[in-house]
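The values are calculated or read from the model by the stated rules, or taken from the named source; none is laboratory data. Given the structure is predicted, the values throughout are model-derived calculations rather than measurements. Every residue, glycine as well, gets a Cβ built from its backbone with ideal geometry; the counts of neighbours run over all protein chains shown.
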Amino acid sequence: MANNNQLQIDSLVAAIRREATQLTDHEEAFCTTIVSSQQQSLTEIDRSINAAIQAVEDLVKPRLSARPSPRNFFKKLCTKVGLTILDRLERRRCKAELTLLETIQYLRASQQQLRAEFNDFQSVTDQALVRQFNHLQRQIDRTSGCVNLNPDLEKLLEAFYCQFESEYRGSSESVRHRLRPYHDRLLNSDYPLEIVDLGCGRGEWLSLVNQLGHKAKGIDCNPEFVNLCKQQNLAVELGDAIVWLHSQADNSLDVISAFHVIEHLSFTTLADWLQQIYRVLKPQGWLLLETPNISQFHVGLVDFYRDPTHIHKVHPQTIKTLLQCLRFTDIEIGYVDANGDKVQWLPTEEVTLRDPGQYGALPADMGIIARKRIGL
């Protein structure tokens, strides 16, 4: 554009000069002056135009060079959209991985809990199976040499023992009177106790503790005694005491009693009995036993053998040692003196026997009281 303007100016100057040659000197001088001034004006205009054009070019060129091409703009747009999509996908992936991790942790904790519960269940089941197996083995050993009795003979023996008890054990009222030392131990309970009497017989102890508001139940293997108790509206169950003990849950009873029962057991069965009683009793639960006092001459030499089902004399030191081995605590062994209206508990360690004749004056019954230890 600047070159075209220059050519036009040069053509104009040449034309003026051709015209000037035809003028006079005066006119020539005048024209020369005018031409020179016009030439200067045109040069300045040309310079101004060139400067303006250059300024515009300088202003526009950076913007033109900075403006992206359509291809670059589309590329940047695609890149931005792609990065946005990738960012969202990454966020979703992280969230999914976090959820998966939390699920794995929950499943792992649940697995550990189930494994612990299964181990506990298996341990309890194994212990129960071992106890049941040992009991069955002892039952087999005990009955292997026995002859099965016919039903008529069984009924005869049941009736015999019921009548024998009535004649030589004493009246129900006298039996309840002699049980007062055990009854008094339960007077101060703050709540009704769960009590089971093994070999409950005619139910004297059950009726006595029911009067205190406790919940008592009897177990006896003689149907005659069971029917007699039911006639008194007492809670009784027909069955073998050791079988019943093996079926009970740990730490489930407050009191287990057995009056004039342990002398009917072999020492092995007695140990099994007491072991199961310790398991079934609650911590600080009571064990109440009574047996003939073999230290009394007449009992040890005569009366003990009146009952044909007596097979084992229980010495006070023997039963005390056995209870200690089973971890019973607060063990008390005493003679139950029931002569007259008063009933006295005479601890064996406080009874001094200097003369052999004093053995004949001892009470006929020996009582054993113990409690289950708290904790392991």
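Can you tell me which residue among Ser257, Ser252 is within 17 Å of Val280 (Cβ to Cβ), surrounded by fewer than 14 Cβ atoms within 10 Å (Cβ to Cβ) and assigned by the TED database to the domain that holds Ile319?
Of Ser257, Ser252, the one residue that is within 17 Å of Val280 (Cβ to Cβ), surrounded by fewer than 14 Cβ atoms within 10 Å (Cβ to Cβ) and assigned by the TED database to the domain that holds Ile319 is Ser252.
Criterion first (surrounded by fewer than 21 Cβ atoms within 10 Å (Cβ to Cβ), in a helix (DSSP H, G or I) and not aliphatic (A, V, I, L, M)) does Asp184 satisfy it?
Here the answer is yes, as Asp184 does meet what is asked.
Could you tell me how many of the residues in the stretch 260-271 are of a type in the set (Gly, Ala, Ser) and surrounded by 14 or more Cβ atoms within 10 Å (Cβ to Cβ)?
Number satisfying all stated conditions: 1.
In the stretch 272-284, which residues are surrounded by fewer than 22 Cβ atoms within 10 Å (Cβ to Cβ) and either within 13 Å of Arg373 (Cβ to Cβ) or within 24 Å of the chain's Cα centre (by Cα) (or both)?
Tyr278, Arg279, Val280, Lys282, Pro283, Gln284
One residue is enough: does the stretch 207-227 have a residue meeting the conditions of a type outside the set (D, E, K, R) and in contact with a Cys (Cβ under 6 Å, 6 or more places away or on another chain)?
yes
Are any residues in the stretch 196-210 among the β-branched types (Val, Ile, Thr) and surrounded by fewer than 23 Cβ atoms within 10 Å (Cβ to Cβ), and if so, which ones?
Result: Val209, single match.
Looking only at the stretch 334-376, count every residue that is charged (D, E, K, R) and closer than 21 Å to Leu289 by Cβ and tell me the total.
Count: 7.
Could you grab me the full set of residues in the stretch 345-354 that are modelled with pLDDT of 75 or more and either in a helix (DSSP H, G or I) or out of contact with any helix residue (DSSP H, G or I) (no Cβ under 8 Å at 6 or more places or on another chain) (or both)?
Leu346, Pro347, Thr348, Glu349, Glu350, Val351, Thr352 - these are the residues of the stretch 345-354 that are modelled with pLDDT of 75 or more and either in a helix (DSSP H, G or I) or out of contact with any helix residue (DSSP H, G or I) (no Cβ under 8 Å at 6 or more places or on another chain) (or both).
Of the residues Gly334, Gly357, which is more than 21 Å from Ile374 (Cα to Cα), of a type in the set (Gly, Ala, Ser) and touching a Ser or Thr at 6+ places or on another chain (Cβ under 8 Å)?
Gly334
Pick from the stretch 287-304 the residues that are in a loop (DSSP other than H, G, I, E, B) and not β-branched (Val, Ile, Thr): which of them is farthest from the chain's Cα centre (by Cα)?
Ranking the qualifying residues of the stretch 287-304, first place goes to Gln296.
Take Ser252 and decide whether it is among the hydroxyl-bearing types (Ser, Thr, Tyr) and modelled with pLDDT of 95 or more.
For Ser252, the condition - among the hydroxyl-bearing types (Ser, Thr, Tyr) and modelled with pLDDT of 95 or more - is met.
Give the residues of the stretch 234-286 that are outside any strand (DSSP E or B) and basic (Lys, Arg), sorted by residue number.
Answer for the stretch 234-286, where residues must be outside any strand (DSSP E or B) and basic (Lys, Arg): just Arg279.
Taking the stretch 187-210, which residues are in contact with a strand residue (DSSP E or B) (Cβ under 6 Å, 6 or more places away or on another chain) and part of a helix (DSSP H, G or I)?
Passing the criteria: Trp205, Leu206, Val209, Asn210.
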